[in-house]
Amino acid sequence: MENNSRRGFMGKAFGAVAAVGAIGSLFAMKKSWDPLPSVRSAGFTTLDMSTYEEGVMITEKWRGKPIFVLKKTAEMIKAEESDEAAKVRNIKIGNDNFMVAIGLCTHLGCIPAFRKEQNDFLCACHGGQFNASGNVTKVPPPRGFDIPPFKIDGNKLVLGEVGPEWQSMKDNGVTL
């Protein structure tokens, strides 16, 4: 009888050690699958749109990509009155119109330069041009600048969060 109780105890002890090891392994695997805190915090970027000046193009950063933010002047908006493709790309926050786009040429991923005098963007890699709304005016880029997912929250724009305005742009083929 004594042999049975010793064997039972050893079996239970082995089972307990195996259970603790399995739980520890599962915990370690889950920790390795979770995104790093730095990656998680980079998922959303909040921009206070009241701080931008008219006609000044600012480059922000979101998920390691350049984000072009241009608060449009009255002249830019007037020039776009007959251009429906430009109007649908406008992001209206309060009384202001903005162009917000991922600042990478859709041809080969170069970063185009903003030319304030012409109110357009020129990609030096292959000569592609974009207007102040981000639409292609001279090929080879196959489409306008991509617009990052965004949500409007009062005077703030939250990049990385899908809001109804961005979803409408995506559904209408304005952005990918």
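Extension gain, residue 23 to residue 155: 0.36 nm times the residue separation minus the Cα-Cα distance gives 42.8 nm. Distance between the pseudo-spin-label points of residue 9 and residue 83 (7 Å out from Cα toward the beta carbon): 8.6 nm.
Most tightly packed first, judged by the mean number of other beta-carbon atoms within 10 Å of their residues, the peptides 46-59, 147-160, 23-36 read 147-160, 46-59, 23-36. Summarising the label geometry, the points placed 7 Å from Cα in the beta-carbon direction at residue 34 and residue 137 lie 4.9 nm from one another. Each label was represented as a point 7 Å from its Cα along the Cα-to-Cβ direction; for residue 50 and residue 162 these points are 3.0 nm apart. Over the chain, DSSP H runs of length four or greater, each weighted -39,500 (n - 2.57), average out per residue to a 222 nm ellipticity of -9500 deg cm²/dmol.
Peptide packing for 96-102, 112-118 was compared via the average number of neighbouring C-beta atoms within 10 Å per residue; ordered from the highest value, the list is 96-102, 112-118. Going toward the positive end of the dipole of the chain, with +1 on Lys and Arg Cβ and -1 on Asp and Glu Cβ, which of 86, 5, 155 do you reach last? Of the options given, the answer is 5.
With bins 10 Å wide beginning at 0, the percent of Cα pairs of the chain falling in each bin runs 9, 30, 26, 9, 6, 6, 6, 5, 2, 0.
Sequence-distant contacts, meaning Cα pairs under 8 Å at least 6 residues apart, place the relative contact order of the chain at 17 percent.
Rule-based calculations on the coordinates, nothing more; no lab input. These figures come from a predicted structure and were not determined experimentally. Note that each Cβ is placed from the backbone with ideal geometry, even for glycine, and that neighbours are counted across all protein chains shown.
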